[in-house]
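Please treat every number below as a calculation from the coordinates, not as lab data. None of these values were measured; they are calculated from a predicted model. Heads up, the Cβs are rebuilt from the backbone with ideal geometry, glycines too, and the neighbour counts pull from every protein chain shown.
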Amino acid sequence: MARSFRQWCGALFSAIWLLGLGGCSPVKLLNALTPEDTFTRTSGIAYGEDPRQKLDVYVPRRPLVDAPVVVFFYGGSWNSGDRGDYAFVGEALAARGIVAVLADYRLYPQVRYPLFLQDGARAVAWTRAHIATFSGNPQRLYLMGHSSGGYNAAMLALDGQLLGAEGMTPADIRGWIGLAGPYDFLPIENPDVRPVFFWPDSPPQSQPINQVSRGAPPALLIAATKDDLVNPTRNTGGLARKLREAGVPVQDVYYSRPNHVTLVASLSRPLRGLAPVLDQVVGFIRHTPAQ
């Protein structure tokens, strides 16, 4: 245990040193420290006509049959983000035998709610239709997201109209994982988010907590107790309680060491000492029964 902690500290020190030396962003550093011999990546696959409607597929390097599949959505307050910044997420999942799909989606001000969710639904539908060619099993399909991407995953799993427009239902999703997601945030306090949801006339149906129904896919909700951007008690705790009341299988897990940002960063190899988020995600995927 002490040896692994020293290794983590050494990697973190190296990342900080490189940051100061080269002026790189922390995300670029995490990706620079991410190995590339655990996966093969197919980049820039179009799932729609817009330049933002593209995705990357990370396939485990070792041979597999009918691997589980995770479609991952990044955060960024629905006004920023790029799938390439999250290569460390694709590697983390692929190294554990999971096919990972990282999807871009249109952002504000190009679109507002619910159009970016429609993009997510199209990306999921593309995955279900084509992932078998990448050794993934479309019957073992999971959604996952961090921050506003966690919101996207939640809405796709809970609001049946979104996947319904693509010929799917939430029953086609084996389960979903939310990392520090906002699931109950009206009235909106963040000024950058307000126009995305037509503030002050934000529709109540835009909230995942108002979309819960019996029969929704099982959920794993992970949050940081020190999150000062998305209140973990109201959002993760509140949604977990609502799901349990509806009889939906849910696990909610809280970690004290990460914050809002480093919760997803703990999926990367240099920062896994912060919290066993990857182990939780993989365990959930491995042990979620078929519906």
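Only lysines eight or more places from Lys54 in sequence, or on another chain, were considered; those with a Cα closer than 29 Å are Lys28.
Counting neighbouring Cβ atoms within 10 Å and putting the fewest first, the residues His130, His260, His287 line up as His287, His130, His260. The spacing between segment 182-258 and segment 60-128, judged by their C-alpha centroids, is 20 Å. Sequentially through segment 218-224, phi angles give Karplus couplings (6.51, -1.76, 1.60; θ = phi - 60°) of x, 10, 10, 10, 10, 9, 9 Hz, Gly and Pro residues having no value and appearing as x. Around the amide H of Val230, modelled in the peptide plane, lies no amide H under 5 Å away from a residue 5 or more places distant or on another chain. Springs between alpha-carbon pairs under 10 angstrom, Gaussian network model over the chain: which of Val250, Val111, Val212 fluctuates most? Of Val250, Val111, Val212, the most mobile in the Gaussian network model is Val111. Between the amide H of Asn137 and those of Ala67, Val69, distances stay under 5 Å, these residues lying 5 or more places away or on another chain, with hydrogens modeled in the peptide plane.
Here the Gaussian network model covers the chain, with springs between Cα atoms less than 10 Å apart; of Pro208, Pro195, Pro138, Pro195 fluctuates the most.
With helices as the sole contributors, the chain gives -9500 deg cm²/dmol at 222 nm; each DSSP H run of n ≥ 4 counts as -39500 (n - 2.57), and the sum is divided by every residue. Computed extension length for Arg286-Arg241: 13.8 nm, one decimal, from 0.36 nm per residue of separation with the Cα-Cα distance subtracted. Computed over the chain, relative contact order equals 16 percent, with contacts defined as Cα pairs under 8 Å that lie 6+ residues apart. Per-residue 3J(HN,Hα) values for segment 34-46, derived from phi via the Karplus relation 6.51 cos²θ - 1.76 cosθ + 1.60 with θ = phi - 60°, read 8, x, 10, 9, 9, 8, 10, 10, 10, 10, x, 6, 7 Hz in sequence order (x marks Gly and Pro).
Here's the picture: a label point sits 7 Å out from the Cα of Arg62 along the beta-carbon direction, and within segment 92-111 the residues with their amide nitrogen under 15 Å of it are 92-99. Going from the fewest other Cβ atoms within 10 Å to the most, the residues Leu239, Leu64 appear in the order Leu64, Leu239.
Residues whose amide H lies under 5 Å from that of Val253, counting only those 5 or more places away or on a different chain, are Leu221, Ile222, Ala223; hydrogens are built 1.01 Å from N in the peptide plane. Other residues within the sphere of radius under 11 Å centred on the Cβ of Glu91, judged by their own Cβ, net out at +2 (K and R +1, D and E -1). In a GNM of the chain with a 10 Å cut-off on Cα contacts, which of Pro218, Pro170, Pro114 has the highest mean-square fluctuation? Highest fluctuation among the options: Pro114. By the count of neighbouring beta-carbon atoms within 10 Å, fewest first, Met144, Met168 end up ordered Met168, Met144. Note on Thr169 and Asp192: the extension gain reaches 5.1 nm, defined as 0.36 nm multiplied by sequence separation minus the Cα-Cα distance. Given +1 at the Cβ of Lys and Arg, -1 at the Cβ of Asp and Glu and no other charges, the dipole of segment 35-287 around its Cα centre is 580 debye to the nearest 20.
Couplings 3J(HN,Hα) of segment 146-158, computed from phi: 10, 6, 5, x, x, 4, 4, 4, 4, 5, 5, 7, 10 Hz, in residue order, whole Hz [Karplus 6.51 cos²θ - 1.76 cosθ + 1.60, θ = phi - 60°; x for Gly and Pro].
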